[in-house]
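Accompanying notes for the structure given below.
The values are calculated or read from the model by the stated rules, or taken from the named source; none is laboratory data. Owing to the predicted nature of the structure, the values given are computational and were not obtained by experimental measurement. Using ideal geometry, Cβ is built from the backbone for each residue, glycine included, and neighbour counts are taken over all protein chains shown.
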Amino acid sequence: MSWKLVLALALVARPAPLIAQNGNGGGTTRLNGRVPAAALPAIDSILAAAAAESLPTEPLVQKALEGGAKNIPADRLVNGVRRGLLQLRQARAIVSHAVPGQSPPEGHVAAVAAALARGLSGPIVERLITVAPDEPPGPALHAAADLVAHHFDPDSAADLLVEAHNKGLRGVRLLDVAVAADHELQRPGGRTPSEALAHVRAMLPNVRPGRP
Amino acid sequence: MSPIDPRLQEALDLERDPGDLPVDLREAYARFNAATQMLKATPPVSVAARVMAEIRQIPPPVHSEGPARRLIHWLGRPRAVTVRLRPVWTLALAAGLAAVLVLQWPSGGPTPGVAQGIANFVGQFPGARSVEVVGSFNDWSRGTLHLNDDDGDGIWHAKAVLPAGQHEYMFVVDGERWVPDPLAGRYVDDGFGAGQQNSLLIVRPVSAQP
């Protein structure tokens with residue numbers, strides 16, 4: 001049996017892709033049987049709108065699957081997916097404003113939408129994207145969201161992350177900055193949040209790798 | 001070689017009464033006679049036959065022990081083993097072992113790819129019958145990632161290789177109770193209007209793990 005035949009058989013026999021492609025990225029195909037039938041038409045139209053606007057549909061499909069798994073009633077489930085669409089639109093607007101003249105990558109838009117869902121404000125998100133427009137923004141945004149969740153001042157947190165970036169920290173190493181700030185805050189002796197941030201700033205770029 | 005005394009020769013040829021011999025010749029006659037008798041006597045069995053007879057007389061061991069104990073004794077008994085090696089195969093075996101050592105044998109457990117990382121899920125659920133993780137990494141499907149509590153101490157564990165990046169998830173306890181991971185450290189509103197929060201996991205790619 002020639003290698004070409006083996007390759008052809010392998011291609012024919014490979015498992016069917018999880019997502020059968022259609023107009024909305026195959027979302028509704030994956031949702032059949034997983035979400036209430038009453039919610040499917042509305043979700044389908046939301047997914048179609050996202051696809052028409054070149055927004056990522058996967059976060060919306062995930063939200064619908066989550067609602068189905070949790071047995072969320074159809075109306076609330078649709079509202080949850082719709083809220084996701086609104087966040088994606090807002091995220092795309094932020095990315096477009098921060099990096100004008102470029103078609104925003106779907107990954108950037110999804111990461112910004114996730115950061116907005118975690119409570120980061122648009123201006124903070126935009127500032128962090130502007131610092132490194134060509135890098136995946138997810139780690140920096142999560143680091144900022146971690147700091148804000150631990151009651152650090154959002155602007156001061158963004159200042160620290162921008163400085164960390166300027167001193168060479170990239171990607172998930174930015175998460176270590178947030179971990180270090182939290183450690184400093186919890187250190188015995190009672191540091192204030194601003195003291196903790198100042199201490200981490202003095203350590204940069206030598207923050208210890210920590211838990212993500 | 002000294003010639004034998006004719007009187008002794010005559011006595012040995014039974015032509016003279018040995019009692020007529022002088023004392024010294026009589027002793028010589030006695031020694032000759034004894035030697036002759038010894039040479040005449042044929043051993044009843046060969047040496048080999050006698051040795052084999054002795055061996056046969058050794059009583060066979062009485063197997064009062066169980067089969068397992070006999071097997072242990074058999075395994076522990078020293079045995080002569082002849083090994084014949086071809087140098088080419090010996091060198092090939094050595095090269096193979098060296099390659100394994102250099103390339104480092106995987107230490108077990110899941111092995112992540114470059115764009116993946118390992119996630120450890122731990123939850124304390126005393127008395128739970130089952131705990132599983134459901135999240136965006138498994139399309140929120142039930143029954144794909146179960147936690148285990150092998151020692152029954154109420155602390156449930158699971159380890160999984162996941163794509164690097166952000167994942168939302170929850171624990172499902174006893175198949176019906178949805179619980180955020182209390183150790184997650186990051187949470188996000190699930191967006192369905194009831195104020196429920198998902199846990200948030202950020203998986204570092206294996207190349208970036210400390």
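Flag not set for A:G84, criterion: out of contact with any Leu (no Cβ under 9 Å at 6 or more places or on another chain) and either farther than 30 Å from A:D176 by Cβ or not hydrophobic (A, V, I, L, M, F, W, C) (or both). Where helices (runs of 4 or more DSSP H) sit wholly within the range A:52-148, those with at least 1 residues that are in contact with a Phe, Trp or Tyr (Cβ under 8 Å, 6 or more places away or on another chain), surrounded by fewer than 17 Cβ atoms within 10 Å (Cβ to Cβ) and not assigned by TED's automatic domain parsing to the domain that holds A:P193 occupy A:74-98. Of all residues being touching a Ser or Thr at 6+ places or on another chain (Cβ under 8 Å) and not aliphatic (A, V, I, L, M) in the range A:169-212, which is farthest from the other protein chains (Cβ to nearest Cβ)? Just the residue, please. Per the criteria, the residue is A:S194. Here A:L160 meets the list (1) assigned to a helix (DSSP H, G or I); (2) surrounded by 20 or more Cβ atoms within 10 Å (Cβ to Cβ); (3) more than 13 Å from every other protein chain (Cβ to nearest Cβ); (4) in contact with a Pro (Cβ under 9 Å, 6 or more places away or on another chain) almost entirely, failing just condition (4).
Condition test on B:D24, is it surrounded by fewer than 10 Cβ atoms within 10 Å (Cβ to Cβ) and at pLDDT 80 or above?
Values: surrounded by fewer than 10 Cβ atoms within 10 Å (Cβ to Cβ): no; at pLDDT 80 or above: yes.
Here the answer is no, as B:D24 does not meet what is asked.
The set of residues from the range B:163-184 being modelled with pLDDT under 95 and within 16 Å of A:A114 (Cβ to Cβ) comprises B:P163, B:A164, B:G165, B:Q166, B:A184. In the range A:189-212, the residues that are in the same structural domain as A:H165 (by TED's automatic domain parsing) and closer than 14 Å to A:L174 by Cβ reach residues that are at pLDDT below 90 and surrounded by fewer than 16 Cβ atoms within 10 Å (Cβ to Cβ) with C-beta atoms within less than 6 angstrom, at least six apart or across chains, in these pairs: A:P209/B:P210.
Out of A:V177, A:V207, A:V200, I need the residue that is assigned to a loop (DSSP other than H, G, I, E, B) and aliphatic (A, V, I, L, M). Which one?
Just one listed residue meets the conditions, A:V207.
Filtering the range B:139-183 to residues that are touching a residue at least 12 places away in the same chain (Cβ under 8 Å), within 11 Å of chain A (Cβ to nearest Cβ) and surrounded by fewer than 19 Cβ atoms within 10 Å (Cβ to Cβ) leaves B:R142, B:W178, B:L183.
Considering the range B:191-207, and only residues there that are free of Cβ contacts under 8 Å to residues at least 12 places away in the same chain and within 8 Å of chain A (Cβ to nearest Cβ), the residue that is farthest from B:E132 (Cα to Cα) turns out to be B:G193. Selection of the range A:108-143 for residues being under 22 Å from A:G80 (Cβ atoms), without any contact (Cβ under 8 Å) to a residue 40 or more places away in the chain and within 14 Å of chain B (Cβ to nearest Cβ) yields A:A111, A:V112, A:A115, A:L116, A:A117, A:R118, A:G119, A:L120, A:G138, A:L141, A:H142.
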